[in-house]
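See structure below.
Every number here is computed from the coordinates shown, using simple stated rules; none is lab data. This is a predicted model, so every value here is computed, not measured. Glycine gets a Cβ as well: all are built from the backbone with ideal geometry, and neighbour counts include every protein chain shown.
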């Protein structure tokens with residue numbers, strides 16, 4: 001039966017490829033872009049407005065993208081460069097989903113010595129727009145988020161290019177087309193050195209960064225963030241219950257022409273992948289799998305632990321430093337840390353060994369591991385490390401050999417001077433990640449790994465601060481939030497007849513809001529829901545203990561939590577907005593609370 005299915009699958013692939021070739025449809029990345037010359041059509045640049053601010057020249061421009069189905073399409077963008085600049089390195093910024101061209105981005109890099117173009121591919125109203133200002137106009141097609149099905153579409157239709165099933169009917173093709181024309185804009189500016197062009201973007205902009213870098217040799221450096229991870233239609237062997245989204249049309253054709261894994265072998269520019277370990281969009285595991293296909297060694301990774309779709313400064317700063325190295329020659333990145341996951345050990349406990357590049361002073365080394373096959377929801381456990389001869393080693397005790405094991409490390413280096421960042425406080429350190437190591441249950445069992453770890457009723461005694469948590473709005477006295485995924489791991493999972501107990505000290509009387517989220521990013525397990533409990537804090541010097549059973553936590557419709565079993569995320573907050581209802585207060589009194597212990601009673 002297995003042999004028969006393989007023959008049928010091969011026959012279908014051959015038939016699909018044959019049909020595509022007969023219809024003149026591109027069947028791979030080279031064919032898709034072979035008839036596109038991004039320099040061929042005049043740009044017909046129109047300046048909507050120009051101004052100067054703090055020695056930076058700004059321009060609000062539009063340029064001609066191309067003509068689709070007989071109608072022209074134009075892109076709006078912000079362009080900035082340092083006043084008097086000559087032969088400047090230049091960057092193409094690609095905004096994320098639901099966003100628009102960013103003035104802050106072009107201003108930041110102009111002040112750093114770059115020319116920068118931020119294109120408004122999504123067509124939202126431009127910042128500080130005036131009545132009658134020109135904006136992006138895609139004409140007869142629509143690759144914006146007003147046409148969401150188009151991102152997974154190959155089939156013909158009113159808003160699509162080809163009359164047959166084709167990758168040119170996909171939004172990503174049109175957007176990449178428009179962004180590559182942005183590179184043409186940059187190389188034609190008199191203040192720009194056309195031999196020093198880079199591209200970067202966040203989320204959907206990260207997707208576009210990989211598409212542009214994988215299809216345009218003019219790109220000399222690339223830095224996607226939380227986007228561009230491939231294998232979107234390929235099932236995960238370690239997570240068979242997950243259902244992948246399939247395109248409207250032939251999945252093989254989609255993967256061959258629009259899969260990021262198909263673009264990676266064509267990336268010739270040095271590439272930094274900026275990520276978050278629990279990102280819902282730029283999946284960590286798939287980012288590494290895609291990166292393995294880039295055929296050169298100039299690839300780095302920088303993954304902020306515990307976060308989703310955002311970064312802390314020591315990770316965010318890697319992007320401008322990456323540009324400085326390859327466009328300015330003013331910085332040098334350490335090599336990716338050498339790392340090794342050792343399964344066959346004398347005590348049968350897996351071990352992670354990490355040797356950082358010591359060409360720069362190492363400040364910190366953090367080793368992490370997890371047993372959760374879902375990269376979006378997994379808890380990354382901090383391993384206790386020892387250092388000897390420049391190698392950091394950590395034991396990775398596990399509770400079962402029936403679950404996979406994942407491990408990686410972050411190495412933190414000191415910066416010679418603090419670096420300013422957009423949307424963030426300055427960074428005085430930078431961090432790069434090792435490769436990701438994965439061991440399937442069969443590998444663990446084959447190496448005679450033993451299950452030596454035990455459950456713990458103490459979830460956190462905070463002796464290591466908040467290393468197992470992610471913190472949002474840390475410096476805001478009223479809008480802070482501390483969250484952890486520890487309750488999703490069997491070691492700290494709550495069982496029946498247990499209560500969640502928290503020791504906390506608050507300076508002033510307040511209401512503390514505790515939010516539990518079930519099935520977080522695990523739709524294959526059930527509906528995701530938030531359950532909230534409010535705890536009255538007395539204030540003063542004494543440590544207060546609160547103890548809650550599951551039914552103390554209520555969903556927005558009043559339904560109580562029935563058990564701890566499917567809780568994936570625990571958040572401690574000053575307030576929580578549940579629909580139209582405000583729970584807690586946006587006016588927290590006194591300093592933020594101090595948490596002493598979280599445990600099961």
Can you bin segment 233-380 into rounded, prolate or oblate? Criterion: square roots of the alpha carbon gyration tensor eigenvalues sorted a ≥ b ≥ c, rounded for a/c under 1.5, prolate for a/b above b/c, oblate for the rest. oblate
Here the gain from full extension of residue 462 to residue 69, 0.36 nm per residue of separation minus their alpha-carbon distance, amounts to 135.3 nm
Measure nothing but the geometry: give the 0 to 90° angle between the long axis through the Cα atoms of 171-187 and the longest principal axis through the Cα atoms of the chain, rounded to 10°. 70 degrees
Which values, in whole Å and largest first, are the semi-axes of the equivalent ellipsoid of segment 454-505 obtained as the square root of 5 times each eigenvalue of the Cα gyration tensor? 24, 12, 11
Cα-derived Rg to Rh of the chain, Kirkwood definition: 0.98
By average C-beta atoms within 10 angstrom, highest first, the peptides 230-237, 565-572: 565-572, 230-237
Cα centroid of segment 415-446 to Cα centroid of segment 291-358, whole Å: 5 Å
Tensor-based shape of segment 150-261 (alpha-carbon gyration tensor, a/c under 1.5 rounded, otherwise prolate or oblate): oblate
Label residue 233 and residue 414 with points 7 Å out from Cα along Cα→Cβ: what is the distance between them in nm? 5.1 nm
Here, residue 565 and residue 331, labelled 7 Å along Cα→Cβ, have an inter-label distance in nm of 4.9 nm
Give, in nm to one decimal, the length gained when the segment between residue 46 and residue 188 is fully stretched (0.36 nm per residue of separation minus the Cα-Cα distance). 49.7 nm
With Cα coordinates, the longest principal axis of the chain makes an angle with the long axis of helix 204-213, in degrees rounded to 10, of 50 degrees
Stretch residue 53-residue 511 to full length: gain in nm at 0.36 nm per residue minus the Cα-Cα span? 160.4 nm
Rounded FRET efficiency, nearest 0.05, which uses the C-beta distance separating residue 596 from residue 442 and R0 of 56 Å: 0.85
Jot down the radius of gyration and Dmax of segment 13-328, Cα atoms only, both in angstrom. 18.9, 61
So what is the calculated 222 nm ellipticity per residue for the chain, using -39500 (n - 2.57) for each DSSP H run with n of 4 or more, over all residues, to the nearest 500 deg cm²/dmol? -4500 deg cm²/dmol
What is the ratio of the Cα radius of gyration of segment 338-446 to 2.2 N^0.38 Å, with N the residue count, to two decimals? 1.21
Which angle from 0 to 90°, rounded to the nearest 10, does the C-alpha axis of helix 2-22 make with the longest principal axis of the chain? 30 degrees
Relative frequency of Cα-Cα separations exceeding 23 Å in segment 458-600, percent: 31 percent
Just grab the label-to-label distance for residue 125 and residue 479, each label 7 Å out from Cα along the Cβ direction, in nm (one decimal). 2.2 nm
